[in-house]
1. Please specify each residue of segment 89-110 satisfying the condition of being of a type in the set (Gly, Ala, Ser) and at pLDDT 70 or above.
2. Could you please give the count of residues in segment 114-139 that are surrounded by 15 or more Cβ atoms within 10 Å (Cβ to Cβ) and more than 15 Å from ILE99 (Cα to Cα)?
3. Any chance segment 11-19 includes a residue that's modelled with pLDDT of 85 or more, aromatic (Phe, Trp, Tyr) and within 22 Å of the chain's Cα centre (by Cα)?
Amino acid sequence: MHVQEWLETVPAVAVYVLVGVVIGLESLGIPLPGEIILVSSALLASQHGDIDPFVLGACATAGAIIGDSIGYAIGRKGGRPLLAWLGGKFPRHFSEAHIATAERSFEKWGMWAVFFGRFVALLRIFAGPLAGVLRMPYWKFLVANVFGGILWAGGTTAVIYYVGVVAEAWLKRFSWVGLVLAVLVGLTSMLVLKRKARKAAAGQQAPEREPVAAGE
């Protein structure tokens, strides 16, 4: 079952909680499809009035900020042994190559790596724990975490919701336009066929009348 199809079967409150929890766990450092859940929920909100996009965006933002903060605390306490443990549990995501790439990003960009890391799947998982491991000052992390969480979670919700509303409106218009065009094409085809049938019938009647006239 597709994610969005499954979300349609649960109440709105469950969608809010699910989005907040999944994004929070992903930001904490557990590889989960937070972005997929958020995008699917925002699209669902654009199609069903039961889900409030503002509440959805708020839950996503809260999950992102809280999850990242917990990840920072765990990383600061666990240090590099934590990264080694995560590498053993999730080798696909916390491999030495991925950790080295994330570290280079932090060394080069500092707190901006936390901010822009929200928009990169790999860094979104690493940002919190790695910032703690590297002992980034908490105030810098907090500023980048809050603004990054608001822009990514809230912005993604707003953009996907708006795109979904516009797309649905255009699809409705297209369906009406398609219906009108289909009717017009059908009527035109019927008129053309009737006209051709009349011409063919007239053409057949003319030869039949000519011999009668000659016999008279």
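The values are calculated or read from the model by the stated rules, or taken from the named source; none is laboratory data. The model shown is predicted, which means the values in this text are computed figures rather than measured ones. Don't worry about glycine lacking a Cβ; one is built from the backbone with ideal geometry, like all the others, and counts go over all protein chains shown.
1. Scanning segment 89-110 gives ALA97, ALA100, ALA102, SER105, GLY110.
2. Residues that pass the stated criteria total 5.
3. Yes; the residues of segment 11-19 include at least one that is modelled with pLDDT of 85 or more, aromatic (Phe, Trp, Tyr) and within 22 Å of the chain's Cα centre (by Cα).
For (1) under 29 Å from PHE54 (Cα atoms); (2) at pLDDT below 70; (3) out of contact with any strand residue (DSSP E or B) (no Cβ under 9 Å at 6 or more places or on another chain); (4) outside any helix (DSSP H, G or I), each residue gets a yes or a no:
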site: PRO129; (1), (2), (3), (4): yes, no, yes, no
site: ARG135; (1), (2), (3), (4): no, no, yes, yes
site: ALA182; (1), (2), (3), (4): no, yes, yes, no
site: LYS196; (1), (2), (3), (4): no, yes, yes, no
site: LYS199; (1), (2), (3), (4): no, yes, yes, no
